[in-house]
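As structure tokens, the structure follows; a few thoughts come after it.
The values are calculated or read from the model by the stated rules, or taken from the named source; none is laboratory data. Since this is a predicted model, take the numbers as computed values, not measurements. These accessible areas exclude ligands, DNA and RNA; they are computed on the full protein's heavy atoms, side chains included. Shrake-Rupley method; radii C 1.70, N 1.55, O 1.52, S 1.80 Å.
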Amino acid sequence: MLDLQRLRALHAVSVHGTVGAAAAALGYTPSAVSQQIAKLERETRTVLLERRGRGVRLTEQAEQLASTAQELLAIVERAETELEERRGMPAGRLTVAAFASAARGLMPAVLADLAVRHPALDTRLTEIDPHLSVDLVARGAVDLAVAHDWDISPLPAPPGVEQAVIGDDLCDLLVPAGHSFAGRASVRREDLAGQRWICQPPGRVCHDWLVRTLRAAGSEPDIVHQAEENPTLIALVAAGLGVALIPRLGRGPLPEGVVEVPLDPLPVRRLYALWRSGAARRPAIAETVRTLQSHWPKVTERP
């Protein structure tokens, strides 16, 4: 008899690519996940993971077993959904993936609220890039994701995944205090040519938006510094090293030496909650989505 938790560990490694990432998603230690896989190998008398450099690769047999595990986990999810629906109250474990600024600026209050009002609901948060979160929902690796898109780059929802709007997050141009834009009421996108830009690396939604927007306005962005986290980007602006486009969600108070200047029109990224259609009836999903919407920070609303 195959153990469901061990199959869940194998499925997580298949989805996330590494033992460490699978452990973070499951709320385990990497050692615990490795032990689960090792026990599954003994039970099945099959080699499931092969070492490849510092990482691992699933064998062909493991890929087949992980596919079966996904089907079994979907059946378990349906059973849990039916039981929770009959009770009519949010309960059980709910795994949530959110991108960095939502994990910092929105999720703490949401998770605390849910914990107080629904003690039978065990909500677990994982911070992850929005590009990856939709696929994780579709594959059953997480129950719900908080993701975003931009006004020129819509977020696709694949078949079997439903979504609801949480709210619109406005973005502002941040410049050093001595910059020529610092005293202006607003700046048009056409005026941004020739600026030295600080932004996230290629492949990130914010980076792609900046490049596409400036090219559409007739200029190529001069990106001089790149960093993953918004606080680092803001610190580079404060040092007078360039300008940056930073969303308001999770940004916090600006340090001395940084001035916020609205763009005309204001760039918008829209936040969504996404979940699998098969779990739509689950009270935990519905209640978490309502709580996300009710806690949408006022600072991000349109003036």
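Side notes on the structure shown:
- Protein accessible area in the chain, 1.4 Å probe - carbon and sulfur %: 52 percent
- Cα pair distances of the range 98-244 binned at 5 Å [whole percent]: 2, 8, 15, 18, 18, 14, 10, 8, 5, 2, 1, 0
- Solvent-accessible surface of the chain, averaged per residue with a 1.4 angstrom probe and all protein chains in place: 48 square angstrom.
- Considering only Cα atoms, the convex hull volume of the chain works out to 151 Å³ per residue.
- Alpha-carbon Rg/Rh ratio, for the range 1-89, with Rh computed the Kirkwood way: 1.03
- Note on the range 153-169 and the range 11-29: Cα centroid distance 25 Å, given to the nearest whole angstrom.
- By the equivalent-ellipsoid construction on the alpha carbon gyration tensor, the range 19-146 comes out with semi-axes of 29, 19, 13 Å, ordered largest to smallest.
- Top of 259, 289, 47 by mean-square fluctuation, Gaussian network on the chain, Cα under 10 Å: 47
- Taken as Cα centroids, the range 56-80 and the range 204-227 sit 40 Å apart, rounded to the nearest whole angstrom.
- In the chain, the DSSP-assigned H stretches of four residues or longer account for a calculated mean residue ellipticity at 222 nm of -12500 deg cm²/dmol, using -39500 (n - 2.57) per stretch and the full residue count as denominator.
- Against the compact-protein benchmark of 2.2 N^0.38 Å, the Cα-based radius of gyration of the range 144-231 scales to 1.28.
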